[in-house]
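The values are calculated or read from the model by the stated rules, or taken from the named source; none is laboratory data. Note that this is a predicted model, so its numbers are computed, not measured. Here the Cβ positions follow ideal geometry from the backbone for every residue, glycine too, while neighbour counts run over all protein chains shown.
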Amino acid sequence: MEIRTMLPEDLSQAAALEAACFGSDAWSEQALEQALSDKNALYLSCMEEGRLIACCGIWQSFEDGDITNVAVEEGSRRKGCARRLLLELMRRAKLCGVENFTLEVRESNLPAVRLYESLGFTVEGIRKNFYRDPAENALIMWKR
């Protein structure tokens, strides 16, 4: 398992992974491409045998970092990939001045909620009907 900065050649695999994980809430290949070119964004890829198995990203606004997406292919879940990706993402973001991290997660996504809690995130709010297909609230979590 190799974690690296997302490259342009990862975009089609990343968009396909997003679609598989998030359906209609997925980021398009074009949106991911725009994110890669933004100086306030950082996206990482987790590669295994030349294949993208997970990715995540963060947008920096001063000392705050908004973790925008964490996607892991179904067959690679519960193997520590998301934890490693997030730890590396936060490590790199701290080097750029990020002190606080936030993210949204579906209320029903208990494995993700537990992962984020184990990394020091706490629930600080709810965004009503944040997600579509199916409609669901998002928990707003922060690590300060």
Practice task
Look at Ala35 and say whether it is part of a helix (DSSP H, G or I), free of Cβ contacts under 8 Å to residues at least 40 places away in the same chain, touching a Gly at 6+ places or on another chain (Cβ under 8 Å) and closer than 27 Å to Ala135 by Cα.
Solution key: yes
Exercise for the section: Run down Gly65, Gly97 and say which single residue is in contact with a strand residue (DSSP E or B) (Cβ under 8 Å, 6 or more places away or on another chain), modelled with pLDDT of 95 or more, surrounded by fewer than 19 Cβ atoms within 10 Å (Cβ to Cβ) and not hydrophobic (A, V, I, L, M, F, W, C). Expected result: Gly97
Exercise for the section: Out of Arg114, Arg84, report the one residue that is outside any strand (DSSP E or B), in contact (Cβ under 8 Å) with a residue 60 or more places away in the chain and of a type in the set (D, E, K, R). Expected result: Arg84
Handout entry: Members of region 87-105 that are in contact with a Leu (Cβ under 9 Å, 6 or more places away or on another chain) and part of a helix (DSSP H, G or I)
Key = Leu87, Glu88, Leu89, Met90, Arg92, Ala93
Practice task
Could you tell me whether any residue of region 2-15 is modelled with pLDDT of 95 or more, closer than 23 Å to Leu139 by Cβ and not in a helix (DSSP H, G or I)?
Solution key: no
Practice task
Select from region 120-134 the residues that are in a strand (DSSP E or B) and either hydroxyl-bearing (Ser, Thr, Tyr) or without any contact (Cβ under 8 Å) to a residue 12 or more places away in the chain (or both) and list them in ascending order.
Solution key: Thr122, Lys128, Asn129, Tyr131
